[in-house]
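Have a look at the structure below before the remarks.
The values are calculated or read from the model by the stated rules, or taken from the named source; none is laboratory data. Note that this is a predicted model, so its numbers are computed, not measured. When we count neighbours, we look across all protein chains shown, and the Cβ atoms used for this are built from the backbone with ideal geometry, even at glycine. Heavy atoms of the whole protein, side chains included, go into the accessibility calculation; ligands, DNA and RNA do not. Shrake-Rupley method; radii C 1.70, N 1.55, O 1.52, S 1.80 Å.
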Amino acid sequence: YKYRLTLRGFNQVFGVDYFDVFAAVAQLKSFRLLLALAVVFGWKATQFDIKCAFLSGDLQEDLYMEHPEGYPGTPGTVLKLMKSLYGAKQSGRAFQDKLFGTLRSMGYVSNGADCCVWFHVKWYCYLCIFCDDGIIFTCDEQARKTTLDGLAAVFTVKDLGDLSRYLNIQVAQKEGSIGINQS
């Protein structure tokens, strides 16, 4: 049996329990541009997923919850959360802040036009981030591995291999070409 502990975020009050909820995602035109650059420069596109992403964000606000049913505790007391949980309005933003901070510490720089496209000047490696999924564009296998290892030091990362599907777009990579299809 599986279950997921979630907050009742609909009870949160703006300005008291949370302040900022916006979490950006990569624009589709950025994704298409990176695919075109991958063809021109011979980059390989691989994808990764960050597991339980919304559980890894650090909360900036004080957030409390009642004891879950079956959880031992003194009646009338509450739990102070140190990490975000599913259901909290600021979970997506907290995760994105931690992810972007991790990328900065690894030497990545955000693109000025799309804050979810990151590049590393020394490695010639580009990242395209969409929520908890990402695509790595590079021809340097060591840069790809170093990027995944750096992310795995902070998050639980699953390497999904060559890019084959992204946002319901099928991607076929061949030597010197990339085909996309949406059916």
Return the residue satisfying two criteria in turn: it lies in region 154-182 and is farther than 18 Å from Lys29 by Cβ and part of a loop (DSSP other than H, G, I, E, B), and of such residues it is nearest to the chain's Cα centre (by Cα). Phe155
Which condition number in (1) among the polar types (S, T, N, Q); (2) open to solvent by less than 80 Å² (accessible area, probe 1.4 Å); (3) in a loop (DSSP other than H, G, I, E, B) is the one that Thr102 fails? (3)
Which of the residues that make up region 65-86 are outside any strand (DSSP E or B) and not aliphatic (A, V, I, L, M)? His67, Pro68, Glu69, Gly70, Tyr71, Pro72, Gly73, Thr74, Pro75, Gly76, Thr77, Ser84
Those residues of region 27-51 which are part of a loop (DSSP other than H, G, I, E, B) and in contact with a strand residue (DSSP E or B) (Cβ under 6 Å, 6 or more places away or on another chain), in sequence order: Trp43
Kindly indicate whether any position in region 126-140 is exposed (fewer than 14 other Cβ atoms within 10 Å of the Cβ), in a strand (DSSP E or B) and within 17 Å of the chain's Cα centre (by Cα). no
Taking the condition of being open to solvent by 80 Å² or more (accessible area, probe 1.4 Å) and either assigned to a loop (DSSP other than H, G, I, E, B) or of a type in the set (Val, Ile, Thr) (or both), how many residues in region 3-20 meet it? 5
If you take the residues of region 147-183 that are without any contact (Cβ under 8 Å) to a residue 60 or more places away in the chain and charged (D, E, K, R), which of them is nearest to Lys98 (Cα to Cα)? Asp149
Of the candidates Asp49, Asp114, Asp62, the one satisfying the condition of being open to solvent by 50 Å² or more (accessible area, probe 1.4 Å) and either over 16 Å from the mean Cα position of the chain (by Cα) or within 30 Å of Arg144 (Cα to Cα) (or both) is Asp62
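Confirm whether Ala23 is farther than 18 Å from Ser164 by Cβ, under 16 Å from the mean Cα position of the chain (by Cα) and either of a type in the set (Phe, Trp, Tyr) or open to solvent by 20 Å² or more (accessible area, probe 1.4 Å) (or both).
When the stated conditions are applied, Ala23 passes them.
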Number of the condition not met by Phe31 [criteria: (1) without any contact (Cβ under 8 Å) to a residue 12 or more places away in the chain; (2) within 20 Å of Cys125 (Cβ to Cβ)]: (1)
So for region 68-79 (the condition being surrounded by fewer than 17 Cβ atoms within 10 Å (Cβ to Cβ) and in contact (Cβ under 8 Å) with a residue 40 or more places away in the chain), does at least one residue qualify? yes
Leading residue by the ranking (farthest from Phe10 (Cα to Cα)) among those in region 43-76 that are of a type in the set (S, T, N, Q) and at pLDDT below 85: Thr74
